[in-house]
Structures are given as C-alpha cells and as structure tokens.
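None of the figures in this text is laboratory data; all of them are computed from the coordinates on show. Please read these numbers as outputs of a predicted model, since none were measured by experiment. Glycine gets a Cβ as well: all are built from the backbone with ideal geometry, and neighbour counts include every protein chain shown.
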Amino acid sequence: MGREAPEIRLIRETLEGVLHPSTASTVFFEALQDAGGTLPTEHRDVLALVRGPLKTRLTERVGQADASAMLGQLEAMLATIAPERAPRKRPSRHDEQTRNLVISDEVLPIFVLSSGRELSEQLKAALGPAVMSAVPAEDQGQLETRLSQIAPAMVLIDAASFPAIEPEILVDLLAPLSPDVVKALWGADLPYGQGVMEAAQRRGVGVTPFDRAEGAAPIIDVIRSRRA
C-alpha cells in the first residue's frame, strides 16, 4: 500500500480533533468532491483545497469564526511540510491486476468498483488508513482477481463512474458473497445504479442504495459503523 501524503493526514487529523470522526470524514470527502474529486498532490493545490472547498464545508458546520481559526492553524502547520517531493509512481494497469494484495487485518478491505480512482482516493483520504483500505476494481477480470485474493468487508459500486461490467454480471459475481459483506451502491439515482438495483432485485441479492443528493454522510456512517 502506498504511503499517505503528510498533508492529507494533517488535514484529516485536524478535522478529527474538533469534529466527530464521522462528521470530519464527511466534511473532508465532500470538500474533495467540490474540488473536482482528484486528490491534490502539489502544495499549491492543497492550499487551494483548504482555502476554498474545505473552508466552505467547515464553515457550514462550525461557523465562519471557528472555521477561520482552525484553518489558519492548519495552514501554519502545512507550511512546515516541505512542498517539494518526488512524484509517486502510479502502478501500471498490469501490475495493479496481477500483484498480490497485502492488507492489514485491522482495517476494512473495501472493494470500490469504478472506472476511475476518484471515489476510492476520496474515501482513503477522508477515512484514513486506520479505518479502511480501498481495493479498486475497474472491470470483470479485475474484480474476479480481487475476489480470489481477499474477502471484502464491503463492496461499493460507483454508479457515477461505473465499472466495465454489465449490471446482471456484476450482481452474479456478488451473489455468492457472505450476507455479512455490505453491498452498497453510490449513485442509485443514476441509470447504471438503477440497472444494478433491478438486477439485484431479480437475483434476490441485497444491495443498499445511496442517492448522491443525500450527501456523503450516510455512506461514511456505514463504513465507520462496519469498522466498529
């Protein structure tokens, strides 16, 4: 597993120091979505996140005065982190499919079924490596490989950036999993999400739908409660 960027850890720990952990995770997740869904890697992009979407989301929770004070302290701490680091090499598609996964028994292995990495990266940043480890799967072959390597605690289907798997085939792959495995659908209001729900109902597979309009809090709560 890749090492977490110190800026991301610092932002999350700062939020968790003043907010309930679930609320802190939700605020960070939604700020990342507001920023375009991509995890910042450059120091200037981290500051833009803090001064823009994160400030807006935090102000909604604690008010302008407290948010400004918190983020002022956060910026001071971020300034102590060297902004220049060698870019981390992203594993190739082949490496990602074939390498063996090593995940600690102390964290939740959450399969994130998506054609992109935005959702898994947002969850990893918002919840942290002590809570979950994201296991991405973009298509049928990759999902089958993942399932042969490790048993998921939760499967999260991203209907906003859906994997290259037909809903009926996806449901058939999920059907043999233990009832204890949470099967969640992010974007149940979208066409792919509707297709998954219809296939799940026909197959008798329980899938928990989440409408994106409801925000991230419900799904963050499910992940944290599953961890507890």
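Among residues other than A69 with Cβ under 13 Å from its Cβ, the summed charge is -1 (Lys and Arg +1, Asp and Glu -1). Proximity of backbone amide H atoms, modeled 1.01 Å from N, is registered between L190 and no other residue at under 5 Å, excluding neighbours fewer than 5 places apart on the same chain. Inter-label distance, T145 to R202: 2.9 nm, where each label sits 7 Å from its Cα along the C-beta direction.
Above 25 Å, the calculated P(r) of the chain contains 41 percent of its Cα-Cα pairs. Once you reduce region 191-212 and region 129-157 to the center of their Cα atoms, the two points are 18 Å from each other. Scattering from region 93-227 was approximated by placing one identical point on each alpha carbon and applying the Debye formula without solvent; log10 I(q)/I(0) at 0.12 1/Å stands at -0.41. The angle between the Cα long axis of helix 64-78 and the main principal axis of the chain comes to about 90°, on a 0 to 90 degree scale.
Computed over all pairs of different Cα atoms, the Kirkwood value for the hydrodynamic radius of region 19-63 is 10.5 Å.
Largest GNM mean-square fluctuation among A153, A126, A76, using the chain with Cα springs under 10 Å: A76. Taking the longest Cα principal axis of the chain as reference, the axis of helix 118-127 is set at about 60 degrees. Under 5 Å between amide hydrogens, built in the peptide plane, is the criterion, and for T208 it picks out K183, A184, L185 among residues at least 5 positions away or on other chains. Between the helical axis of 217-227 and the longest alpha-carbon principal axis of the chain there is an angle of about 70 degrees. Based on C-alpha pairs under 8 angstrom that are at least 6 apart in sequence, the chain has a relative contact order of 19 percent.
Springs between Cα atoms under 10 Å define the GNM used for the chain, and in it the highest mean-square fluctuation of Q142, Q122, Q73 occurs at Q73.
Taking G36, G206, G17 as the candidate residues, the one with maximal mean-square fluctuation in a Gaussian network model of the chain, Cα springs under 10 Å, is G17. Site-free segments of the chain were taken between trypsin sites (Lys or Arg not before Pro) in DSSP loops having at most 14 other Cβ atoms within 10 Å, sites themselves excluded; the longest one is 100-228.
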